[in-house]
Amino acid sequence: MVVVGVVETLGATVIVVGALWAALRFVVEGLRHRSAAVFTPIRLSLGRFLTLGLEFQLAADILRTAVSPTFAQLGQLAAIATIRTALNIVLRREIAQEQRQVRADADTGDRAHPGLPTGGGRGGPPG
């Protein structure tokens, strides 16, 4: 049960750190820029933290059930695993969609300013 607690704590820590980091970036970028486009990378990063944290939480649930499985616990694990897997699928799809949008926006910006170097027209590496 100690291992379960450690894995649960690790998952919660990943989510909290990701949320705090995203909130800080949201405030900083919000003060610097007034464009909604700057928030897409922040959302992508937060989604990655959430996905990783949910994976740790699912691992903790599996470990908990592996120690002393009852039919009720197995049913709960199946429900939890289904819900968390669905959340991960939705998050991954949204992350992929946002990444495609960021790339498309960067490509459009590069074509709009053909004399500028690649990387979103800012002269730096793409990112």
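The values are calculated or read from the model by the stated rules, or taken from the named source; none is laboratory data. What you see is a predicted model, and the numbers here were worked out from it, not measured in a lab. Neighbour counts are summed over all protein chains in view; Cβ atoms, including those assigned to glycine, are modelled from backbone coordinates with ideal geometry. The protein model used for the area step is the full one, side chains on, heavy atoms only, and it has no ligands, DNA or RNA in it. Shrake-Rupley method; radii C 1.70, N 1.55, O 1.52, S 1.80 Å.
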Of residues in region 86-112 being modelled with pLDDT of 80 or more and among the acidic types (D, E), the one most open to solvent (accessible area, probe 1.4 Å): E94
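Looking only at region 67-84, which residues are assigned to a helix (DSSP H, G or I), in contact with a helix residue (DSSP H, G or I) (Cβ under 9 Å, 6 or more places away or on another chain) and exposed (fewer than 13 other Cβ atoms within 10 Å of the Cβ)? Give the derivation first.
Taking region 67-84 as the starting set, the residues that turn out to be assigned to a helix (DSSP H, G or I) are 67, 71-84.
Cutting the leftovers down to in contact with a helix residue (DSSP H, G or I) (Cβ under 9 Å, 6 or more places away or on another chain) gives us 67, 73-74, 76-77, 80-81, 84.
V67, L74 - these are the residues of region 67-84 that are assigned to a helix (DSSP H, G or I), in contact with a helix residue (DSSP H, G or I) (Cβ under 9 Å, 6 or more places away or on another chain) and exposed (fewer than 13 other Cβ atoms within 10 Å of the Cβ).
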Any pair with Cβ under 6 angstrom, 6 or more apart, that starts in region 73-85 at a residue that is more than 11 Å from L54 (Cβ to Cβ) and at pLDDT below 85 and ends at one that is part of a helix (DSSP H, G or I) and polar (S, T, N, Q): Q73/T65; L77/T65
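So, of the residues in region 12-45 that are under 20 Å from D105 (Cα atoms) and touching a residue at least 24 places away in the same chain (Cβ under 8 Å), which turns out to be most open to solvent (accessible area, probe 1.4 Å)? Full working, then the answer.
Initially, region 12-45 is screened for residues under 20 Å from D105 (Cα atoms), giving 26, 29-30, 32-45.
Add one more test, that the residue is touching a residue at least 24 places away in the same chain (Cβ under 8 Å), and what stays is 37, 40-41, 43-45.
Details: A37: 60, T40: 25, P41: 42, R43: 117, L44: 14, S45: 21 Å².
Looking at the filtered set, the residue picked out is R43.
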Checking R64 against (1) surrounded by fewer than 16 Cβ atoms within 10 Å (Cβ to Cβ); (2) out of contact with any Ser or Thr (no Cβ under 8 Å at 6 or more places or on another chain); (3) basic (K, R), the condition it does not meet: (1)
